[in-house]
Amino acid sequence: MSFYVILRGPLGVGKTTVATALARSIEGVAVSIDAIADPDWDGGSLGLYLRANRVAARRARDALARGTPVVIDGCFYWKTQLRDLERRLPFAHTVITLRAPLSICVRRDAGRAVVHGAAATRQVYRKVTRLQYGLPVDASRGVAATVREVRSLLPDSGARPSRA
């Protein structure tokens with residue numbers, strides 16, 4: 001059964017790392033909204049992310065048409081962006097919000113090859129955590145534990161739509 005998972009959360013929570021590991025564990029593909037949006041960065045407007053949705057949806061549709069599950073990760077600040085992606089991809093899906101304390105997100109960001117900084121991490125954290133959408137998963141325990149918990153929320157036959 002074709003399905004997709006949206007992993008959302010703040011900078012430094014581990015979205016891309018978890019998405020990559022999850023995609024590998026379900027024999028799927030990972031699509032990063034940030035990787036799509038970054039080359040055209042305009043400060044993070046809704047328009048930028050809606051354009052990224054178009055590209056992500058096209059990539060996801062190709063995989064979903066082949067029966068391959070898709071894991072899409074991004075901050076997803078706006079419900080509008082989430083609903084737009086859900087509209088573009090009318091397949092079974094689950095939305096997961098990865099959560100961790102701000103201090104962990106700041107520490108993880110500081111350990112990256114490209115550091116965004118504590119101020120940016122705080123700003124993104126506030127924006128992302130304002131929107132309650134999707135099933136919450138504690139991402140502070142490490143990648144393996146987070147992937148196990150996310151997988152436990154995915155039925156064996158695929159994923160069901162879930163919204164907040």
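Based on the mean of other beta carbon atoms within 10 Å per residue, what is the order of 9-16, 27-34, 112-119, most packed first?
9-16, 27-34, 112-119
Under 13 Å from a label point 7 Å along Cα→Cβ of Arg87: give me every residue in region 59-80 with its amide N that close.
In region 59-80, the label zone of Arg87 (backbone N under 13 Å from the point 7 Å along Cα→Cβ) covers 79-80.
What net charge is computed for the residues neighbouring Ala60, neighbours being all others with C-beta under 14 Å from the C-beta of Ala60, Lys and Arg scored +1, Asp and Glu -1?
Every neighbour counted, the sum reads +3.
Pick from Pro39, Pro69, Pro90: which is most flexible by mean-square fluctuation in a GNM of the chain where alpha carbon atoms under 10 Å apart are linked?
Sorting by GNM fluctuation, first place goes to Pro39.
With +1 on the Cβ of every Lys and Arg and -1 on the Cβ of every Asp and Glu, and nothing else charged, how large is the dipole of the chain about its Cα centre, in debye rounded to the nearest 20?
Rounded to the nearest 20 debye, it is 300 debye.
Which value, in Å to one decimal place, does the Kirkwood hydrodynamic radius take for region 3-152 when every pair of different Cα atoms is included?
Hydrodynamic radius (Kirkwood, Cα only) of region 3-152 equals 15.3 Å.
Can you tell me which of 135-144, 92-101 comes out highest on packing, and rank the rest after it, using the mean Cβ neighbours within 10 Å?
92-101, 135-144
Each reported figure results from applying straightforward, stated rules to the coordinates on display, with no laboratory input. Everything numeric here is computed off the predicted structure, so don't read it as measured data. Cβ sites come from the backbone with ideal geometry, for glycine too, and all protein chains shown count toward neighbours.
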